[in-house]
1. Among the residues of the stretch A:94-109, how many are hydrophobic (A, V, I, L, M, F, W, C) and not in a loop (DSSP other than H, G, I, E, B)?
2. With (1) more than 24 Å from A:Val90 (Cα to Cα); (2) touching a residue at least 24 places away in the same chain (Cβ under 8 Å) as the list, and B:Val20 as the residue in question, which single condition is left unmet?
3. From (1) part of a helix (DSSP H, G or I); (2) β-branched (Val, Ile, Thr); (3) farther than 25 Å from C:Leu118 by Cα, pick out the condition that doesn't hold for E:Val91.
4. Quick check on my filter: what residues within the stretch D:1-55 are assigned to a helix (DSSP H, G or I), more than 28 Å from E:Thr84 (Cα to Cα) and over 20 Å from the mean Cα position of the chain (by Cα)?
5. Among B:Arg89, B:Arg98, which is closer than 16 Å to B:Val6 by Cβ, at pLDDT 95 or above, surrounded by fewer than 21 Cβ atoms within 10 Å (Cβ to Cβ) and of a type outside the set (Val, Ile, Thr)?
6. Answer yes or no as to whether F:Ser107 is out of contact with any Pro (no Cβ under 9 Å at 6 or more places or on another chain), surrounded by fewer than 20 Cβ atoms within 10 Å (Cβ to Cβ) and hydroxyl-bearing (Ser, Thr, Tyr).
7. Could you please find all residues in the stretch E:12-32 being at the interface with chain D (Cβ under 7 Å from one of its Cβ atoms) and surrounded by fewer than 23 Cβ atoms within 10 Å (Cβ to Cβ)?
8. Consider C:Ala96 against the criteria (1) without any contact (Cβ under 8 Å) to a residue 24 or more places away in the chain; (2) within 13 Å of the chain's Cα centre (by Cα): it satisfies all of them except one. Which criterion is unmet?
6 protein chains.
Amino acid sequence: MYGVTVRDHMMIAHSFRGEVFGPAQRLHGATYVVDATFRRAALDADSIVVDIGRATEELRAVLAELSYRNLDEEEAFAGANTTTEALARVVADRLAERVHAGALGESARGVDGLVVTLHESHVAWASYERPL
Amino acid sequence: MYGVTVRDHMMIAHSFRGEVFGPAQRLHGATYVVDATFRRAALDADSIVVDIGRATEELRAVLAELSYRNLDEEEAFAGANTTTEALARVVADRLAERVHAGALGESARGVDGLVVTLHESHVAWASYERPL
Amino acid sequence: MYGVTVRDHMMIAHSFRGEVFGPAQRLHGATYVVDATFRRAALDADSIVVDIGRATEELRAVLAELSYRNLDEEEAFAGANTTTEALARVVADRLAERVHAGALGESARGVDGLVVTLHESHVAWASYERPL
Amino acid sequence: MYGVTVRDHMMIAHSFRGEVFGPAQRLHGATYVVDATFRRAALDADSIVVDIGRATEELRAVLAELSYRNLDEEEAFAGANTTTEALARVVADRLAERVHAGALGESARGVDGLVVTLHESHVAWASYERPL
Amino acid sequence: MYGVTVRDHMMIAHSFRGEVFGPAQRLHGATYVVDATFRRAALDADSIVVDIGRATEELRAVLAELSYRNLDEEEAFAGANTTTEALARVVADRLAERVHAGALGESARGVDGLVVTLHESHVAWASYERPL
Amino acid sequence: MYGVTVRDHMMIAHSFRGEVFGPAQRLHGATYVVDATFRRAALDADSIVVDIGRATEELRAVLAELSYRNLDEEEAFAGANTTTEALARVVADRLAERVHAGALGESARGVDGLVVTLHESHVAWASYERPL
């Protein structure tokens, strides 16, 4: 099994509901350094999993829809806790839609799965893994 | 599948028995930067795998039992080589006990598995993965 | 010249005023991974610059006053842009006050200077350096 | 399941054929920081997956056959695109041969699988995973 | 003194002349992860050293003139060894020209100095520091 | 001013005397990831500060004299606390001796200064800087 990973980041504000979150119930923020891994059993005719340049562009496009925003005010997350693990899934699902829509090229339809990891600090990160 | 990882470290002394270890048969030491990953198929009602704060506390508690010690003199390791891979299992097993005992909260009983990685330097690390 | 550095982090929300900031004029947030370096010409009687444990505690205390907050609503920053470089100075100045107040111990009064670096992502960081 | 990883690097020149590669069709180069992970269900009699010293030596030997070369002129890669993912497989397959040949010792024949990751920059990497 | 750093990378091929370089006399290549630090005694009216967005763009522009090339065939480097330290100066000097030309905005003319660091691997890097 | 840095590591056991050290008064250990920076105002005839290969070898030789040892039993450190900052100086001074003795080649006598940084964990490190 092959994998190709590209990295980018986003900077957002949000707050959490639930006592478990302690001081993070207050409005605060995070930089998420985001790693998106494309997994594939066999390489395509160009000997790649996906084009790193196009994967980088699509990841940037997905993150641009979230970055420099207060997620508490985004309709897509109304009533939801935008935890690191929940956001990892959002990014993975949106990337998957783009692969299905052909944004990474015809060959990228051969991708088998995705893993998205969001690093919230040097001591904590979360990931979500799904088939494509 | 979701994962949440927290990082901490411990500093220990030890020596190894066996010719394969060369100069590491002498008493020496290591800083282990430790990553503990909690894996789970679905998020809990708060949209988390485990609370990062509590996970950090439990990992710190497990490492405090090992850190600033000469492992050669710890009864728990009598007759055993405390290699990086063996210690990764010790940390994972002790964390699993704490999850089972409810130390990470009732919801954390839904955790499916653990991966513990010990970085012994910038060029070598070891991990142990187990179901919960 | 000796230096000792400890690392911690804080997670904040804020917005900037000024066209130069583009989308960062919107409310967003950041994780700052913070490195505080204590510089000193000669070691103290214990062969240290400062005690790493106490330095870590004082840095944590300084960051706790800022973390999990919306800096736009903090009186201390009224009318100011809390850029990465400006916050680096805030952290350095507050650490310096603590050193002067004896929070790091009598010996730490021998510290000559401080450097504080705030990493806002894997591709951007800022620092502020000052004498003590 | 246990894993042990060692890290080294190689520096090569190459070019790619195919429009998807854009400017990377020109002769250019890369530093690949290479992580080789050895996976194993149970530890051997010395409580190790493989000896980290020997694993480091064998990885260095595999990389020495590739480093400081223009891969476009290497017979082994005639007509092939030496992409990061393709090279990850080359390194993994050559390491596997060495394990099978006994270069890591008799005990290392118990290794179950290999993962090789090549980091081409701070924002892109690729991996190949195979059973042994 | 304040500093702001932005990071990007370039991928090049080259060879060195001189016995000291051993196997690096052959055509090979490197990824350079490049950190450019802008130093300044006082912040500007927006509370910044330079705009991180513009600094990132200018660094990218400087690196684009070098990346995906065989430096042995670039006229600018005819007869010169393009070592990591020599390239650090090239990048710093070209960035300095851009600052002087106003590419980072009028306020950036207040920048006092530059430091450029090129990381050639996880175990070696070089830097060049100059006033502006 | 130019700088070239090489990285290696050592693994040692030791204990500290003094109440300030708390649990670190017990025998424990550390991995030190060591960065040695050679600083120089102008490059030599080969366009280098020092040869990275030779610098790596000399750093390895200095660290080999310390690694896989209990520093409490080394005569060189009798009665001394081998703190991270104190060891940074030991490594810097021993490297300086090697430069003066010609171990890095005649040209390396033009080196102006050294900085040695010892990383004891992902959250703490110390350095020592000296002229040559």
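1. 4
2. (2)
3. (3)
4. Result: D:Glu19, D:Val20.
5. Being closer than 16 Å to B:Val6 by Cβ, at pLDDT 95 or above, surrounded by fewer than 21 Cβ atoms within 10 Å (Cβ to Cβ) and of a type outside the set (Val, Ile, Thr) holds for just one of B:Arg89, B:Arg98, which is B:Arg98.
6. yes
7. The answer is E:Pro23, E:Ala24, E:Arg26, E:Leu27.
8. (1)
The values are calculated or read from the model by the stated rules, or taken from the named source; none is laboratory data. Everything quoted here is computed from the prediction, not taken from an experiment. Heads up, the Cβs are rebuilt from the backbone with ideal geometry, glycines too, and the neighbour counts pull from every protein chain shown.
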